[in-house]
Amino acid sequence: MVASRAEAGNAQRYERLRRALDGVALPAALVDLDAFDENARALFAVAKAAGKTVRIATKSVRSPALTKRLLELGDGVARGLMTYAATETAFLFARGFNDLLLAYPTVQKSDAEILCGLVQNGATLSIVVDGKEQLASLAAAAAKASVRLNVLVEVDMSLRLLGQHFGARRSPLRSVADAVPFADEIAKFPSLRFYGAMCYEGQIAGVADKNPFARSLNGPKRIIKKLSRPRVEKTRRDLAAELKARGMVLFNGGGTGSLHWAAKEPWLTEVTAGSGFLCSHLFDYYRDLALAPAAYFALQVVRRPSPTMVTCHGGGLVASGQAGADRLPVVALPEGCRLLPLEGAGEVQTPVVLSNGTEIALGDPIFFRHAKAGELAEHFSEYLLVRGDRVEGRAPTYRGLGECFLG
Ligand SMILES: Cc1ncc(COP(=O)(O)O)c(C=O)c1O
């Protein structure tokens, strides 16, 4: 049988990665640097062509060394980090990162104190808010620390149709009419500065519309995306007009799954990207994205329960979000192998059904891909940085640096 070009490519990739990990203790996580760099260049090029800078979503990377690499590859286009916790923001500032946008609100006093301490130490940072309680907590800490904190208003970009809500459940501010008085409210606190807005369109950026795990939903998802776009654009445009008059400096929107589209909105000052760099498997299933798989985890094959199956040691790295088959890791290499529906990704062992003709010995690695880009880093202390068929370096993850910011 003549192998197709793709099959030959995947067979070569398996061999290449297997050689790279020869002698490495498994389980191990790796970043295929050529693919990572290619994804970064592609996403940065899209933003650059539209005259936008890209803020890196650290939740989708969770390794300072990789984040640094992205800022270097971005060379002026990659600017600033979108962080997810006050403690993480402080951790990154201590490692030399700056221009930090904490995109998820907090009402905790200790977080507000951490952020104010960073400002005292010269950090350029802002935090997203959408409620009076958050304002009160931040304002009190900022007043006590004698600093002024930059705050961004998050406005909900969800689509509401036929009594249904499509999009993230985050901000209660749903319209320009909600956001403007809230921005005026911020201006009343001498220790806070209204700095701009963040409008993340999760129902577009975060929804895979070519998902092989839920084919019947792809059509409706495309319709939701199509209906959402003009509404999101209009709300962001109208918002910009109002908020600019109130001193807006920063207007953030977009994510990997919508970057090519959001970058074209003239009123946004920047777009965000994270998951696309490592391209976890959920990012294979977007009609209008073409990114290369760049992150894998390798498990050793330890048993052979039948001639057509092997069992790997480890593997149960299931992703967050709406529970479903697409949250499981996928078997990436050797090509065509798959999980067993009745076992899925196991707690300490994972059976894999071999594709026709796949020969694999006990002790060989099988390469999996996680559904989500950042979460893989919570399971490993480092990424092996693979160039070609060798490990060129190592990038410690937050976990490897002794940190876990989400408990
Ligand atoms: C506020 C915000 N912006 C952007 C993104 C997009 O991140 P990514 O590119 O990793 O999908 C997210 C993801 O959830 C987000 O919460």
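The values are calculated or read from the model by the stated rules, or taken from the named source; none is laboratory data. Quick caveat, the model's predicted, so the values are computed rather than measured. With ideal geometry, Cβ positions are generated from the backbone for all residues, glycine too; neighbour counts draw on all protein chains shown. Just so you know, the surface numbers come from the protein's heavy atoms only, side chains and all, with ligands and any DNA or RNA stripped out. Shrake-Rupley method; radii C 1.70, N 1.55, O 1.52, S 1.80 Å.
Take the conditions (1) more than 16 Å from the ligand (Cβ to nearest atom); (2) open to solvent by 20 Å² or more (accessible area, probe 1.4 Å); (3) not β-branched (Val, Ile, Thr); Asp288 misses just one of them, which is (1).
Only one of the listed residues (Gly276, Gly219) is within 19 Å of Ala40 (Cα to Cα) and in a helix (DSSP H, G or I). That residue is Gly276. If you check Val155, Val147 for being within 16 Å of the ligand (Cβ to nearest atom) and either closer than 13 Å to Ile186 by Cβ or aliphatic (A, V, I, L, M) (or both), only one passes: Val155. Condition first: modelled with pLDDT of 95 or more, on the phi < 0 side of the Ramachandran plot, within 11 Å of the ligand (Cβ to nearest atom) and assigned to a strand (DSSP E or B). Can you find one or more residues in segment 301-324 that meet it? Looking for residues that are modelled with pLDDT of 95 or more, on the phi < 0 side of the Ramachandran plot, within 11 Å of the ligand (Cβ to nearest atom) and assigned to a strand (DSSP E or B), one finds none in segment 301-324, hence no.
Show the residue pairs meeting these rules: Cβ distance below 6 Å; 6+ apart or different chains; first residue within segment 293-309 and within 20 Å of Asn356 (Cα to Cα) and open to solvent by 50 Å² or more (accessible area, probe 1.4 Å); second residue of a type in the set (A, V, I, L, M, F, W, C) and part of a strand (DSSP E or B). From segment 293-309, the pairs are Arg304/Val310. Only residues that are of a type in the set (S, T, N, Q), surrounded by fewer than 21 Cβ atoms within 10 Å (Cβ to Cβ) and touching a residue at least 40 places away in the same chain (Cβ under 8 Å) were counted across segment 125-144, and they come to 0. Screening Ser146 on (1) touching a strand residue (DSSP E or B) at 6+ places or on another chain (Cβ under 6 Å); (2) on the phi > 0 side of the Ramachandran plot; (3) polar (S, T, N, Q) shows it passes everything except condition (1).
Taken over segment 9-66, the criterion of being hydrophobic (A, V, I, L, M, F, W, C), out of contact with any Asp or Glu (no Cβ under 6 Å at 6 or more places or on another chain), in a helix (DSSP H, G or I) and under 18 Å from Ala361 (Cβ atoms) is satisfied by Ala11, Leu17. Answer yes or no as to whether Leu384 is buried (at least 17 other Cβ atoms within 10 Å of the Cβ), under 17 Å from Cys279 (Cα atoms), hydrophobic (A, V, I, L, M, F, W, C) and within 16 Å of the ligand (Cβ to nearest atom). For Leu384, the condition - buried (at least 17 other Cβ atoms within 10 Å of the Cβ), under 17 Å from Cys279 (Cα atoms), hydrophobic (A, V, I, L, M, F, W, C) and within 16 Å of the ligand (Cβ to nearest atom) - is not met.
Only a single item in (1) under 30 Å from Thr106 (Cα atoms); (2) open to solvent by 20 Å² or more (accessible area, probe 1.4 Å); (3) free of Cβ contacts under 8 Å to residues at least 60 places away in the same chain is not met by Pro396, and it is number (3).
Contact map, segment 44-70: first residue farther than 17 Å from Gly253 by Cα, second residue of a type in the set (Lys, Arg) and more than 10 Å from the ligand (Cβ to nearest atom), Cβ cut-off under 6 Å, separation 6 or more or different chains; pairs are Pro64/Arg95.
For every residue, the table says whether it meets (1) within 27 Å of the chain's Cα centre (by Cα); (2) of a type in the set (Gly, Ala, Ser).
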residue	(1), (2)
Ser306	no, yes
Gly321	yes, yes
Val331	yes, no
Val348	yes, no
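Mind listing whichever residues of segment 67-81 are open to solvent by less than 20 Å² (accessible area, probe 1.4 Å) and either assigned to a helix (DSSP H, G or I) or touching a helix residue (DSSP H, G or I) at 6+ places or on another chain (Cβ under 7 Å) (or both)?
Residues of segment 67-81 that are open to solvent by less than 20 Å² (accessible area, probe 1.4 Å), as a first pass: 67, 70, 74, 77-78, 80-81.
If the condition is that a residue be open to solvent by less than 20 Å² (accessible area, probe 1.4 Å) and either assigned to a helix (DSSP H, G or I) or touching a helix residue (DSSP H, G or I) at 6+ places or on another chain (Cβ under 7 Å) (or both), then Thr67, Leu70, Gly74, Val77, Ala78, Leu81 are the ones that fit.
Looking across Leu340, Leu333, one residue alone is crowded, with 21+ Cβ neighbours inside 10 Å and either touching a residue at least 24 places away in the same chain (Cβ under 8 Å) or within 16 Å of Gln300 (Cβ to Cβ) (or both). It is Leu333. Filtered by the rule that a residue be more than 14 Å from the ligand (Cβ to nearest atom) and not in a helix (DSSP H, G or I), segment 240-268 gives Ala245, Arg246, Gly247, Met248, Val249, Lys264, Glu265, Pro266, Trp267. Condition first: within 16 Å of the ligand (Cβ to nearest atom) and hydrophobic (A, V, I, L, M, F, W, C). Can you find one or more residues in segment 209-222 that meet it? For segment 209-222, residues within 16 Å of the ligand (Cβ to nearest atom) and hydrophobic (A, V, I, L, M, F, W, C): absent.
Going through Ser191, Ser216, Ser228 one at a time, which residue ends up being surrounded by 19 or more Cβ atoms within 10 Å (Cβ to Cβ) and hydroxyl-bearing (Ser, Thr, Tyr)? Full working, then the answer.
On the way: Ser191 fails: surrounded by 19 or more Cβ atoms within 10 Å (Cβ to Cβ); Ser216 fails: surrounded by 19 or more Cβ atoms within 10 Å (Cβ to Cβ).
The conditions single out Ser228.
Considering segment 82-105, the residues that are open to solvent by less than 10 Å² (accessible area, probe 1.4 Å) and in contact (Cβ under 8 Å) with a residue 60 or more places away in the chain include one that is nearest to the ligand (Cβ to nearest atom), namely Ala103.
Quick check on this structure: which one of Glu359, Glu403 is modelled with pLDDT of 95 or more and open to solvent by 10 Å² or more (accessible area, probe 1.4 Å)?
Working: Glu359 fails: modelled with pLDDT of 95 or more.
Of Glu359, Glu403, the one residue that is modelled with pLDDT of 95 or more and open to solvent by 10 Å² or more (accessible area, probe 1.4 Å) is Glu403.
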